[in-house]
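Asker: This structure is in structure tokens; I'll ask about it shortly.
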Amino acid sequence: LKDEVFEAAQTYFPNKIAEVVRHEQGVIPMGLSMAPATGDARWVRAGTSAGAVRASSGYAFQRIQRWACQEAASLLKNQPISGQKPVAGALGWMDRIFLETLTRQPELAPSLFMALAQRVPSDRLVRFLTEQPQTLDFAAIVAALPVKPMLKSLKLRHSSASQTLSGKAFE
């Protein structure tokens, strides 16, 4: 694929001189659990091991950078630093519903991602993905996705949580 992309770029931009200096690749560990705490106060969890990666998208860079800046400011003030907090609140909840849908219906993945890309204005989507959403950004995300599979995942998560809380999951 790398060569095909390079050739396509040369076709579209024939007067541009380009050279491939190196090829890189990586894997974003999406949806993985956080590493267990060490119990040693000298260790501070950050990044993937602290749950900083958005499980539904793999976005993490800006979140980790914001945390690092906050902690650097704490160090400069001789204050203790704290480990990075995992994605929580409405964003974490929406990620879990989205991942539940993908887990139960992986064939929907292309259409779900395309729906987000095509139906959500880019500024709203970027704010949501980088954890700086405004209230209407949440509404745009919800409105862009197909209702039936998302509600089914919500119902399954709610049912599962209710059973666990009532002890039925252990019977």
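The values are calculated or read from the model by the stated rules, or taken from the named source; none is laboratory data. Treat the numbers as computed from the prediction; the structure is a model and nothing was measured. Note that we place each Cβ from the backbone using ideal geometry, even for glycine, and neighbour counts take in every protein chain shown.
Asker: Quick check on my filter: what residues within region 116-171 are among the polar types (S, T, N, Q), part of a helix (DSSP H, G or I) and modelled with pLDDT under 90?
Answerer: Listed by number, the residues that qualify are Ser153, Ser159, Ser160, Ser162, Gln163, Thr164, Ser166.
Asker: Step by step: first the residues of region 59-80, then only those that are assigned to a loop (DSSP other than H, G, I, E, B) and surrounded by 15 or more Cβ atoms within 10 Å (Cβ to Cβ), then the one that is nearest to the chain's Cα centre (by Cα). Which residue is that?
Answerer: Tyr59
Asker: Test Lys16 against the stated conditions and say whether it is at pLDDT below 75 and of a type in the set (Lys, Arg). I'd like the intermediate steps shown before the answer.
Answerer: Numbers: at pLDDT below 75: no; of a type in the set (Lys, Arg): yes.
Here the answer is no, as Lys16 does not meet what is asked.
Asker: Within region 62-90, count every residue that is out of contact with any helix residue (DSSP H, G or I) (no Cβ under 8 Å at 6 or more places or on another chain), on the phi < 0 side of the Ramachandran plot and not small (Gly, Ala, Ser).
Answerer: 12
Asker: It is to be established whether one or more residues within region 20-28 are modelled with pLDDT of 80 or more and surrounded by 11 or more Cβ atoms within 10 Å (Cβ to Cβ).
Answerer: For region 20-28, residues modelled with pLDDT of 80 or more and surrounded by 11 or more Cβ atoms within 10 Å (Cβ to Cβ): absent.
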